[in-house]
Amino acid sequence: MHTDKRSWPDDRLLRAANQRDQEAFEIFCERSVVRLVRYCRRLCRDYRLPLDPDLPAEFAQEAAMKALRYVQRCRENRKPFPSVSEVWINGIA
């Protein structure tokens with residue numbers, strides 16, 4: 001039976017992503033973007049970066065892409081996946 005992973009809660013997506021499920025990881029990243037943008041906005045304020053309304057979203061997008069590329073390289077090189085979590089993605093930002 002095929003289930004739509006988009007209906008899965010975050011904790012289930014994270015468990016699947018940590019079991020090398022690329023699709024679950026991608027869905028989790030897409031879902032995390034809003035929270036990641038908020039986190040990047042807070043970082044921009046903390047570091048007193050120039051107020052550019054697009055900057056936090058750009059940082060968040062870059063962090064999500066870096067996370068995705070890292071997981072893809074792990075898969076291609078048969079290396080262990082990182083312990084995927086919101087904290088891990090925030091750390092990339």
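Brief remarks on what is shown
- Of the trypsin sites (Lys or Arg not before Pro) in the chain, the ones in a loop by DSSP (not H, G, I, E or B) with at most 12 other beta carbons within 10 Å are ARG48, ARG78.
- When the chain is described by a simple charge dipole with +1 on each Lys and Arg Cβ and -1 on each Asp and Glu Cβ, the residue from GLN19, ILE92, PRO50 located farthest towards its positive end is GLN19.
- Label-point separation in nm, CYS44 to ASP4, each point 7 Å along Cα→Cβ: 3.3
- Probe 1.4 Å, protein heavy atoms only - accessible area per residue of the chain in square angstrom: 69
- Against the chain, whose longest principal axis is taken from its Cα atoms, helix 55-76 shows a tilt of about 30°.
- With K and R counted +1 and D and E -1, the other residues having a Cβ less than 11 Å from that of PHE81 yield a net charge of +4.
- Value of relative contact order over the chain, rounded to a whole percent, pairs C-alpha under 8 Å and six or more apart: 30
- Globularity index of the chain is 1.16 (Cα radius of gyration / 2.2 N^0.38 Å, N = number of residues).
- The calculated 222 nm mean residue ellipticity attributable to helices in the chain amounts to -22000 deg cm²/dmol, summing -39500 (n - 2.57) over DSSP H runs of n ≥ 4 and dividing by all residues.
- Accessible carbon and sulfur surface of the chain relative to its total accessible area, %, 1.4 Å: 52
The values are calculated or read from the model by the stated rules, or taken from the named source; none is laboratory data. Since we're looking at a predicted model, the values are computed, not measured. In this analysis, Cβ positions are derived from the backbone assuming ideal geometry, glycine residues included, and neighbour counts consider all displayed protein chains. Only protein heavy atoms, including side chains, enter the accessible area calculation; ligands, DNA and RNA are left aside. Shrake-Rupley method; radii C 1.70, N 1.55, O 1.52, S 1.80 Å.
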